[in-house]
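Participant: Dumping the structure here so I can ask a few things about it.
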Amino acid sequence: MFTRSLLDAERRLVDVQVLSPLGVLPEFHRRGIGSALVRRGLEVLAERNVPLVFLEGDPGFYSRLGFEPAGGLGFRKPSLRIPDGAFQVIRFPAHEPWMTGTLVYAEAFWRHDSVGLRTA
Ligand SMILES: CC(C)(COP(=O)(O)OP(=O)(O)OC[C@H]1O[C@@H](n2cnc3c(N)ncnc32)[C@H](O)[C@@H]1OP(=O)(O)O)[C@@H](O)C(=O)NCCC(=O)NCCS
């Protein structure tokens, strides 16, 4: 599922997307379904001129799909409870160099307390 969120860039707020949640029933794991869902979703978003797609997830899975660590690219995560390595982004052709800044999650992520990790 992709959820519209905002990037708080210096020039203005930018509409971006967040990939979350993603799930495949356990009995269908490792058949390429998760990857196919992500690839097709990204194709559609790129066609719609979305500049950036963010996510929190395991780099082992998402790096194969084109995602890279976001922190070193000028993006700030929306919570300190998101591990640095988990905060990832994919940049599409509609992305322009000035589009950097802080990711602001849609309200639903906060309402369901589904941001980052809780240790307590
Ligand atoms: C993550 C998930 C969506 C992958 O779905 P899938 O249909 O099994 O994915 P694919 O078949 O396209 O890819 C499977 C590959 O990804 C790897 N993979 C799956 N989850 C991984 C993870 N967390 N870290 C690293 N690799 C992972 C598998 O080992 C497999 O690798 P292989 O092909 O070399 O054996 C599925 O495991 C799932 O629903 N997990 C529970 C929910 C979840 O964690 N969602 C992601 C939240 S960020």
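The values are calculated or read from the model by the stated rules, or taken from the named source; none is laboratory data. Values in this document were obtained by computation on a predicted structure and should not be read as measured data. With ideal geometry, Cβ positions are generated from the backbone for all residues, glycine too; neighbour counts draw on all protein chains shown.
Participant: List, please: which pairs have Cβ atoms under 7 Å, are six or more places apart or on different chains, and start with a residue in the range 22-34 that is at pLDDT 95 or above and end with one that is more than 6 Å from the ligand (Cβ to nearest atom)?
Facilitator: So the pair list comes out as Leu22/Leu37; Leu22/Val38.
Participant: Related question: I'd like to verify a number: residues in the range 32-45 that are in contact with a strand residue (DSSP E or B) (Cβ under 9 Å, 6 or more places away or on another chain) and surrounded by 15 or more Cβ atoms within 10 Å (Cβ to Cβ), how many?
Facilitator: Pass one, the range 32-45, residues in contact with a strand residue (DSSP E or B) (Cβ under 9 Å, 6 or more places away or on another chain): 38, 41-42, 44-45.
Restricting the remaining residues to those that are surrounded by 15 or more Cβ atoms within 10 Å (Cβ to Cβ) gives 38, 41-42, 45.
Residues meeting the conditions: 4.
Participant: Which residues, taken from the range 62-91, are surrounded by fewer than 18 Cβ atoms within 10 Å (Cβ to Cβ), of a type outside the set (A, V, I, L, M) and assigned to a loop (DSSP other than H, G, I, E, B)?
Facilitator: Matches in the range 62-91: Gly66, Gly74, Ser79, Arg81, Pro83.
Participant: Now for a different question. Only residues in the range 61-79 that are more than 18 Å from Ser5 (Cα to Cα) count as the first member; pair them with residues that are at pLDDT below 95, Cβ under 8 angstrom, at least 6 apart or cross-chain, and list the lot.
Facilitator: Correct list of pairs: empty, since none qualify.
Participant: I need the full set of residues from the range 35-58 which are farther than 18 Å from Thr102 by Cβ, more than 8 Å from the ligand (Cβ to nearest atom), touching a residue at least 24 places away in the same chain (Cβ under 8 Å) and not hydrophobic (A, V, I, L, M, F, W, C), in order please.
Facilitator: Within the range 35-58, Arg39, Gly41, Asn49 qualify.
Participant: How many residues, within the range 59-73, are in contact with a Gly (Cβ under 7 Å, 6 or more places away or on another chain) and either away from the ligand (no atom under 13 Å from the Cβ) or of a type in the set (Ser, Thr, Tyr) (or both)?
Facilitator: Initially, the range 59-73 is screened for residues in contact with a Gly (Cβ under 7 Å, 6 or more places away or on another chain), giving 59, 69.
Now narrow it down to the ones that are either away from the ligand (no atom under 13 Å from the Cβ) or of a type in the set (Ser, Thr, Tyr) (or both): 69.
Residues flagged as in contact with a Gly (Cβ under 7 Å, 6 or more places away or on another chain) and either away from the ligand (no atom under 13 Å from the Cβ) or of a type in the set (Ser, Thr, Tyr) (or both) within the range 59-73 amount to 1.
Participant: Turning to a different aspect of this structure: Working only within the range 2-31, note down all residues that are closer than 26 Å to Pro83 by Cα, surrounded by fewer than 17 Cβ atoms within 10 Å (Cβ to Cβ) and within 16 Å of the ligand (Cβ to nearest atom).
Facilitator: Residues satisfying the conditions are Thr3, Pro21, Leu22, Gly23, Val24, Leu25, Pro26, His29, Arg30.
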